[in-house]
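Every read-out reported here was derived from the displayed coordinates using simple, explicitly stated rules and does not represent laboratory data. Not measured: the values here are computed from a predicted model. Don't worry about glycine lacking a Cβ; one is built from the backbone with ideal geometry, like all the others, and counts go over all protein chains shown.
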Amino acid sequence: MKKKHKFQPESLMMSYGYKPELSEGAIKCPIFQTSTFVFKSAEEGKAYFELAYGLREAREKEEIGLIYSRINNPDLEILENRIALWEEADDCAVFESGMSAISTVLMEFMKPGDLVLCSSPVYGGTDHFIKHFLPKFGIHYLEFKPDARFDDIVEMLEKAGLEDRLRMIYVETPANPTNALIDLEDMGKLANRYSKPDKKVYLAVDNTYMGPLWQHPLRWGADISLYSATKYLGGHSDVIAGACCGSKEVIHRIKTLRTFLGNMAGPWTGWLLLRSLETLKLRMEQQARNAQQVAAYLQQHPKVEKVYYLGLLKPEDGPEYETYKKQCSSPGAMLSFDVKGGEPEAFRFLNNLRLAHLAVSLGSTETLAEHPASMTHAGVHPGHREEIGITGKMVRMSVGVENYRDIIHDIEQALEKV
């Protein structure tokens, strides 16, 4: 018997989950700009709500029908199905922002008295939510640096006497903005070590920098893979969104809380992301090729002190290199570098860019540059910023799809002004 061909995600982004015959034959999914949906009968409406509110188990092949756009919408459902393909996940939930995805996940799986173990650094908004919002509800946190080994983390947990309260391990890898790596296989083992039959420890991974092409956290034992979908998934600096992937059980819980928080993505957001997914692989591959050229140029520049880029790791870098080769399929398109001097020199460089844009965010078609210490990570405690290498001399760059020679020319002329 001939083996059934399995299409790759990039081949399915134009059609998966959408039936043109249900939309007047339109080759592209329309924008379903509606708040509510009509039931064929009262019995059908009852059945839909029973499933939506978990009042009974679904019958064989039964799926929840369209009810109300806060609960579900065709643009959103098709989008979630397609993102899940990239991650090889059971399901996906899409939100109106990356922070709404992150905050919903943390609130769903944690309660007063629990502990979240988090890596450092993480995105500034995540850092603030974990350190300043969650403690208001009696939720504790401990953080570890990327170079901490498995045994170091176990010792830290047990020394603090909080191992029995551990409920979630939250990591961001590669870290924003240092590109520091964390071994996800180790994190999965750590979660299993402290899980009990009546208390699972969840592993959540912010995969924005590398996903969904170049790193797949679920393969390494993660329960939740999180995204700011504004970034590579959106890729055009014109939409704010978030997403998370995982098992049906995990995503069902997340979607239930999303319904009551009301932070689901709208149909316009869903439609824009559907469009962007069609070119995701093309964009990300070109950006990675460009970033490798830019990183090589920066590494040899006399006014650049250090370049933070995965593609520059070597075997002599030890565990970090081994982690990179094991769990990443590309060095990606995000890099940071230290300009010799400090904040004044970094600002002068940024102020003199002509092709690249001085703006926060990342993963878009245009090259973006920003100053993490005073912008994206301004809310991180100054002492901690210095400790993890986010100093005044650091510049973060998201490399776009422009001709790499033009990007390098722009960097060259800006560095000449320093």
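Using Stokes-Einstein with the Kirkwood hydrodynamic radius over Cα pairs, what translational diffusion coefficient do you get for the chain at 25 °C and a viscosity of 0.890 mPa s, in µm²/s rounded to a whole number?
Working: Rh = 22.6 Å.
Once the numbers are plugged in, D ends up at 109 µm²/s.
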Problem set entry | 10 Å-binned pair-distance histogram of the range 1-93 (Cα, whole percent) | 14, 37, 35, 12, 2
Seminar exercise, completed: For the chain, longest principal axis from Cα atoms; helix 98-109 axis from its Cα atoms; angle between them, nearest 10 degrees, is 60 degrees
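Sorted by mean Cβ packing within 10 Å, highest first, what order do the peptides 239-249, 318-328, 43-53, 346-356 take? Intermediate results must be reported in sequence, preceding the final value.
Numbers: 239-249: 22.2, 318-328: 16.2, 43-53: 14.5, 346-356: 17.7.
Highest to lowest by the protection proxy: 239-249, 346-356, 318-328, 43-53.
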Seminar exercise, completed: Between the Cα axis of helix 42-52 and the main Cα principal axis of the chain, the angle (0 to 90°, nearest 10) is 40 degrees
For this session: Excluding residues on the same chain fewer than 8 positions from Lys231, give the lysines whose Cα lies under 17 Å from its Cα.
Result: Lys281
Problem set entry | Kirkwood-type radius of the range 73-133, with distances r between different C-alpha atoms, in Å | 13.5 Å
Exercise. Based only on the alpha carbon positions, what is the Kirkwood hydrodynamic radius of the range 69-275, in angstrom?
Worked result: 17.0 Å
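State the extension gain, in nm to one decimal, for the chain segment bounded by Arg193 and Ser361, taking 0.36 nm per residue of separation less the distance between their alpha-carbons. Let's see the in-between values first.
Numbers: separation 168, 0.36 × 168 = 60.48 nm, distance 3.58 nm.
My answer for the length gained is 56.9 nm.
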Seminar exercise, completed: HN-Hα couplings for the range 271-279 via Karplus (6.51, -1.76, 1.60; θ = phi - 60°), in whole Hz with x for Gly/Pro, come out as 5, 4, 6, 4, 4, 5, 4, 5, 10
For this session: Would you mind checking the radius of gyration and Dmax of the range 200-303 based on alpha-carbon positions, in Å?
Result: 16.6, 54
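Using only the Cα atoms, what convex hull volume per residue in Å³ does the range 334-408 have? All intermediate terms of the calculation are to be shown ahead of the outcome.
Numbers: hull volume 6.3 nm³, N = 75.
Once divided by residue count, the hull of the range 334-408 is 84 Å³.
Round to the nearest 0.05 the FRET efficiency obtained for Lys340 and Phe137 when R0 = 35 Å and r is the Cβ-Cβ distance.
Details: r = 44 Å, r/R0 = 1.26.
Between Lys340 and Phe137 the formula returns 0.20.
State the antiparallel share, in %, of DSSP beta bridges confined to the chain, rounding to the nearest 5. Write down the numbers at each step before the final one.
Values: 25 of 44 bridges.
Percentage antiparallel, nearest 5: 55.
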Seminar exercise, completed: Between the alpha carbon centres of the range 360-414 and the range 45-77 the gap in Å comes to 43 Å
Exercise. Any idea how far apart Leu282 and Val154 come out in nm if each label point goes 7 Å out from Cα toward Cβ?
Worked result: 4.9 nm
Exercise. Can you pull the percent of Cα pairs in the range 30-164 with separation above 23 Å?
Worked result: 55 percent
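Out of all DSSP beta bridges with both ends in the range 69-275, state the antiparallel percent to the nearest 5. Walk me through the numbers before you get to the answer.
Working: 12 of 29 bridges.
The answer is about 40 percent antiparallel.
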Seminar exercise, completed: Length gained, Lys111-Glu21, 0.36 nm per residue minus C-alpha separation, equals 27.8 nm
Seminar exercise, completed: Sorted by chain and number, the residues with a modelled amide H under 5 Å from that of Met375, at a separation of 5 or more or across chains, are none
Exercise. Given a Förster radius of 56 Å and the C-beta distance between Glu316 and Ala42 as r, what FRET efficiency does 1/(1 + (r/R0)^6) yield to the nearest 0.05?
Worked result: 0.20
Exercise. In degrees, nearest 10, range 0 to 90: what is the angle between the Cα axis of helix 248-261 and the longest Cα principal axis of the chain?
Worked result: 90 degrees
Problem set entry | Cut-off under 5 Å, modelled amide H: who pairs with Phe144 long-range | Cys118, Ser119, Ser120
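State which entries of Lys111/Lys196; Lys145/Lys196; Lys393/Lys417 exceed 20 angstrom in Cα-Cα distance in the structure shown. Walk me through the numbers before you get to the answer.
Numbers: Lys111/Lys196 17 Å; Lys145/Lys196 26 Å; Lys393/Lys417 15 Å.
Beyond 20 Å: Lys145/Lys196.
Taking every pair of distinct Cα atoms and averaging 1/r, then inverting, what Kirkwood hydrodynamic radius in Å comes out for the range 280-416? The partial results should precede the final answer.
Details: mean 1/r = 0.0654 Å⁻¹.
Averaging 1/r across every pair of different Cα atoms and inverting gives 15.3 Å.
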For this session: Calculate one ³J(HN,Hα) per residue across the range 7-16 by plugging θ = phi - 60° into the Karplus curve 6.51 cos²θ - 1.76 cosθ + 1.60, and present them in order as whole Hz with x for glycine and proline.
Result: 6, 7, x, 4, 7, 9, 5, 8, 9, 4
